[in-house]
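Peer 1: Would you mind keeping the following structure in view while I ask a few things?
The values are calculated or read from the model by the stated rules, or taken from the named source; none is laboratory data. All values derive from a computational prediction rather than experimental measurement. Virtual Cβ from ideal backbone geometry, glycine too; neighbours counted across all protein chains shown. Remember, those area values only see protein heavy atoms, side chains included, never the ligands or the DNA or RNA. Shrake-Rupley method; radii C 1.70, N 1.55, O 1.52, S 1.80 Å.
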Amino acid sequence: ENGRVLAWDLAMPVPQICAKTPRDSFSSPNVALDVNEEGTLLFAGGVEATAKAFRVEPGLLKPHGSLEVSCSAVNELDQHPGVGQLSLRGDGKVIASAGWDYRVRLFSAKSLKRLAVLRYHDASVNALDWSGDRLATGSKDTKVAVWRLRF
């Protein structure tokens, strides 16, 4: 509940914490996490308007940058800042965020620059997953969308 992210080494006979984020990385719990296939880059987000990227280094999850995952107009009915899920595309080049502000955002996993904002849902986006160049999104509005994205 303190917002820290801990990385565990499960290969040890007794699992041990091998890395953690600095104490002030988040002010609220994280509900969305994803890590690249190499295990060198971790993305985390939750109730806050930014998700964060961390380089996985021995003993520390080193801050690498932020992703703006909420719009400024979140005061409308049932809109909240934050994300319910983060998902890294299979090739590791694009990270998607499922926004509680009804939007899906796509970012370059390398530069962390926003590539696109997808608007379709009428309620918070709670689920997303990649299959090749397609991104499926699901929302509290009971709609599912499949987006074909070529970048």
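Peer 1: Exactly one condition in (1) over 20 Å from ASN2 (Cα atoms); (2) in contact with a strand residue (DSSP E or B) (Cβ under 8 Å, 6 or more places away or on another chain) is not met by LYS52; state its number.
Peer 2: LYS52 satisfies every listed condition except (1).
Peer 1: Here is a follow-up. Consider VAL14 carefully, then state whether it is aliphatic (A, V, I, L, M), within 21 Å of PHE107 (Cβ to Cβ) and out of contact with any helix residue (DSSP H, G or I) (no Cβ under 7 Å at 6 or more places or on another chain).
Peer 2: Working: aliphatic (A, V, I, L, M): yes; within 21 Å of PHE107 (Cβ to Cβ): no; out of contact with any helix residue (DSSP H, G or I) (no Cβ under 7 Å at 6 or more places or on another chain): yes.
So VAL14 fails the test.
Peer 1: Another question about this same structure. Cβ contacts < 9 Å: first residue of a type in the set (Gly, Ala, Ser), restricted to segment 137-151; second residue assigned to a loop (DSSP other than H, G, I, E, B) and open to solvent by 20 Å² or more (accessible area, probe 1.4 Å), any location; separation 6+ or different chain. Result?
Peer 2: What qualifies is SER139/TYR102; SER139/TYR120; SER139/ASP122; ALA145/TYR120.
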